[in-house]
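Q: Attaching a single structure in structure tokens format; questions to follow.
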2 protein chains.
Amino acid sequence: MSNKRRPGRRPGSADTRGEILTAARKVFAEKGFDKATVRAIAREAEVDPALVHHYFDTKEGMFAAAMQLPITPDQIIPALLEGPREEIGERLVRLILQVTAAPETREPMVALIRSAMTNEQAATMFREFISNALLFQVANRLGVPHLRIEAAFAQMYGVIMGRYVIKLEPLASASHDELAELLAPTIQRYLVG
Amino acid sequence: MSNKRRPGRRPGSADTRGEILTAARKVFAEKGFDKATVRAIAREAEVDPALVHHYFDTKEGMFAAAMQLPITPDQIIPALLEGPREEIGERLVRLILQVTAAPETREPMVALIRSAMTNEQAATMFREFISNALLFQVANRLGVPHLRIEAAFAQMYGVIMGRYVIKLEPLASASHDELAELLAPTIQRYLVG
């Protein structure tokens, strides 16, 4: 991150997007997800807020880009809600397994979770992002109590940690089909009842 | 930890137990749970292996004491298996919630999990302990596939992390009764089918 002051506002340049993301990481870490504003991120990056909006439609999208998350809530939520309600458990399980299967998409998420586990500021940032950008949205669109969505989150969080971080066997080498068969009814019950 | 060599074997003294535990932490961290032996721990502590056996009946018990875990698999497994099979899901959920409710019993477990999340050696130690001393035992005694026990573990792991580390609301302030109602059928299904 450059701390050099430059005269006036910088125009959009090849690395402006990268500089906004660097500023975003700093502001999200310091303020959490809820209190971070586009204005504060623009100030930190020394650019006009309009330029931040030019690169990133939403704060959620900017957070996902800053943390190098492979998928944003804007992509997950429609993929989850589209299709028959009686298959939503299986859709969610397979979506999470697919998104986390490749190391290059999984690692940024695991990195975010690791820092949330060991650092109070990072935990606040992760909690606010997961709650407000993902879990509350899903709860509200499905009309399901938040606690049930969090139970589903807890199940999949534990599966991904057990599979890729603790590396429990046979969980780590189970196929998506095996896991979907086992876990989909759990998620279905939480999300639909 | 003292590295001073002393002449000959030390007799059991006021802090022998503590010195064995210090040695155990070092050997478990270096070798993992499976490969750590009473003999290696005794050598590290510079005591006779018989003295280690005098203080700790089992390697599981020594590991639990070394990590300051409030409860050993020897205590969890009978508490879980005792009583009607059709209530095992609820018994497991309430047992885990009770054991993790007080900070002084929860914190050593969270510390162990934190280090497993961020350190490969600690992850190996945690995986081997959890698998061999707890999950495989429960799977074998219940005659249930290991993957189902790991799904139950993943659910409760996610709940405890969500509740106490990420501090998701309403999960963090939900009552034991609310959580038992929501989670017990999940665990029941995994453990009994």
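Q: Taking region B:136-155, which residues are among the aliphatic types (A, V, I, L, M), facing chain A (nearest Cβ under 9 Å) and open to solvent by 10 Å² or more (accessible area, probe 1.4 Å)? Walk me through it before giving the result.
A: Of the residues in region B:136-155, the ones among the aliphatic types (A, V, I, L, M) are B:138-139, B:142, B:144, B:147, B:149, B:151-152, B:154.
Subset that is facing chain A (nearest Cβ under 9 Å): B:147, B:151, B:154.
Once the filter is applied, which keeps residues that are among the aliphatic types (A, V, I, L, M), facing chain A (nearest Cβ under 9 Å) and open to solvent by 10 Å² or more (accessible area, probe 1.4 Å), region B:136-155 yields only B:LEU147.
Q: Contact list please: Cβ distance under 9 Å, first residue in region B:136-152 and under 19 Å from B:GLY83 (Cβ atoms), second residue open to solvent by 60 Å² or more (accessible area, probe 1.4 Å) and not in a helix (DSSP H, G or I), pairs at least six apart or on different chains.
A: Close Cβ pairs satisfying both conditions: B:ALA139/B:PRO145; B:VAL144/B:GLY193.
Q: Also: Which residues, taken from region B:28-62, are part of a helix (DSSP H, G or I) and over 24 Å from B:ALA116 (Cα atoms)?
A: Start the filter on region B:28-62 by keeping residues that are part of a helix (DSSP H, G or I), which leaves B:28-35, B:38-45, B:49-55, B:59-62.
Across region B:28-62, the qualifying residues are B:ARG39, B:ALA42, B:ARG43, B:ALA45, B:PRO49, B:ALA50, B:LEU51, B:VAL52, B:HIS53, B:HIS54, B:TYR55.
Q: Oh, and also: Among the residues that make up region B:166-184, is at least one of them at pLDDT 90 or above, closer than 22 Å to B:ALA65 by Cβ, at the interface with chain A (Cβ under 9 Å from one of its Cβ atoms) and open to solvent by 10 Å² or more (accessible area, probe 1.4 Å)?
A: Going through region B:166-184, the residues at pLDDT 90 or above turn out to be B:166-184.
Filter again for closer than 22 Å to B:ALA65 by Cβ, leaving none.
Checking region B:166-184: not a single residue is at pLDDT 90 or above, closer than 22 Å to B:ALA65 by Cβ, at the interface with chain A (Cβ under 9 Å from one of its Cβ atoms) and open to solvent by 10 Å² or more (accessible area, probe 1.4 Å).
Q: Here is a further query. Quick one: A:ILE187 ticks every box in (1) open to solvent by 10 Å² or more (accessible area, probe 1.4 Å); (2) more than 8 Å from chain B (Cβ to nearest Cβ); (3) among the β-branched types (Val, Ile, Thr) bar one, so which box is it?
A: Among (1) open to solvent by 10 Å² or more (accessible area, probe 1.4 Å); (2) more than 8 Å from chain B (Cβ to nearest Cβ); (3) among the β-branched types (Val, Ile, Thr), A:ILE187 violates only (1).
Q: Further question on the same structure: Which of the residues spanning region B:60-118 are over 21 Å from B:PHE136 (Cβ atoms) and of a type in the set (S, T, N, Q)?
A: Hits for region B:60-118 are B:GLN68, B:GLN98, B:THR100, B:THR105, B:SER115, B:THR118.
Q: Ok, one more. Does A:ARG114 count as in contact with a Phe, Trp or Tyr (Cβ under 6 Å, 6 or more places away or on another chain), surrounded by fewer than 22 Cβ atoms within 10 Å (Cβ to Cβ) and within 11 Å of chain B (Cβ to nearest Cβ)?
A: Against the criterion (in contact with a Phe, Trp or Tyr (Cβ under 6 Å, 6 or more places away or on another chain), surrounded by fewer than 22 Cβ atoms within 10 Å (Cβ to Cβ) and within 11 Å of chain B (Cβ to nearest Cβ)), A:ARG114 does not qualify.
Q: Given the condition modelled with pLDDT of 90 or more and touching a Lys or Arg at 6+ places or on another chain (Cβ under 7 Å), answer yes or no: does some residue in region A:93-100 qualify?
A: So far as region A:93-100 goes, yes, one or more of its residues are modelled with pLDDT of 90 or more and touching a Lys or Arg at 6+ places or on another chain (Cβ under 7 Å).
Q: Moving on. Kindly provide the set of residues from region B:161-177 that are farther than 21 Å from A:VAL93 by Cβ, part of a helix (DSSP H, G or I) and in contact with a helix residue (DSSP H, G or I) (Cβ under 7 Å, 6 or more places away or on another chain), ordered by number.
A: Answer for region B:161-177, where residues must be farther than 21 Å from A:VAL93 by Cβ, part of a helix (DSSP H, G or I) and in contact with a helix residue (DSSP H, G or I) (Cβ under 7 Å, 6 or more places away or on another chain): B:ARG163, B:TYR164, B:ALA172, B:HIS176.
Q: Residue check, A:THR124 against (1) facing chain B (nearest Cβ under 10 Å); (2) open to solvent by 10 Å² or more (accessible area, probe 1.4 Å); (3) more than 25 Å from B:SER175 (Cα to Cα), all met but one. Which one?
A: That leaves (3) as the condition not met.
The values are calculated or read from the model by the stated rules, or taken from the named source; none is laboratory data. Just so it is clear, the structure is predicted and the values come from calculations on it, not from any experiment. When we count neighbours, we look across all protein chains shown, and the Cβ atoms used for this are built from the backbone with ideal geometry, even at glycine. Remember, those area values only see protein heavy atoms, side chains included, never the ligands or the DNA or RNA. Shrake-Rupley method; radii C 1.70, N 1.55, O 1.52, S 1.80 Å.
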